[in-house]
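**Q** Got a structure for you, written out below as structure tokens; questions coming shortly.
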Amino acid sequence: MNEAAYKKMRAARIALLLNEPFFGALATRLTLVENYSVKTLRTNAVTIDYNPDYVNTLSHDVCMSAICHEVLHVANGHAWRRDAREPKQWNVACDYAINPILAASGFKLGEGWLRAAQFDGMSAEQIFSMLPQQDEGEDGDEDDVAERGGERGILIAPPPLAVDDDDDCVSRDIGIINWIGCLVRQTGGFPCFC
């Protein structure tokens, strides 16, 4: 295990608990997992997988922002809302939706993080419908990645929520809302953007 990267991730979570308790409480529910196969960070709503080489390049402030970015993927239910959409394009749309929230909340965005003023205040679904779509099976090459401003970690499928087996959207939403409600009660309120 890369101790320096793990300590940086832990220090960022502790700082979030002290300074941004809403985000900090959410972040502590996600287990930190070192994973060299991811380029940056990613979440499956249970873990935050992080590449230690990437984490070691981040300042403390940007590391906190990166954790909050992954937390917002979970809090916004992005993995559950993807449906049949192309995963990489969906993640790009989600990043465009999340990063303005982070900036408005006072977090420092990392270099190359996706942000475009025309998407501010829009949902991931709205943004996805406006992005140029890739063909089925097209992975995108490095030029595509560079053109988009850098690739963030791709959302991976979350474990199923403990809800009805009928895959009903309302049931999934209730599970997410209950999870967030519990955390709001523990932290004393919503962050400034709600």
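Every number here is computed from the coordinates shown, using simple stated rules; none is lab data. Since the model is a prediction, treat every value here as computed from it, not as a measurement. Quick reminder, even Gly has a Cβ in these numbers, built from the backbone with ideal geometry, and neighbours come from all protein chains shown.
**Q** Determine the shape class of segment 1-142: with a ≥ b ≥ c the square roots of the Cα gyration tensor eigenvalues, call it rounded for a/c under 1.5, and otherwise prolate if a/b is greater than b/c, oblate otherwise.
**A** Cα axes put segment 1-142 in the prolate bin.
**Q** For segment 55-142, what does the relative contact order come out to in percent, with C-alpha contacts under 8 Å and a separation of six or more?
**A** The normalised contact order for segment 55-142 reaches 32 percent.
**Q** Residue separation times 0.36 nm, minus the C-alpha to C-alpha distance between residue 120 and residue 60: what's the value?
**A** So the extension gain works out to 19.1 nm.
**Q** Using the Cα centre of segment 1-108 as the reference point, and only Cβ charges (+1 on K/R, -1 on D/E), how large is the resulting charge dipole? Debye, rounded to the nearest 20.
**A** Computed charge dipole of segment 1-108: roughly 100 debye.
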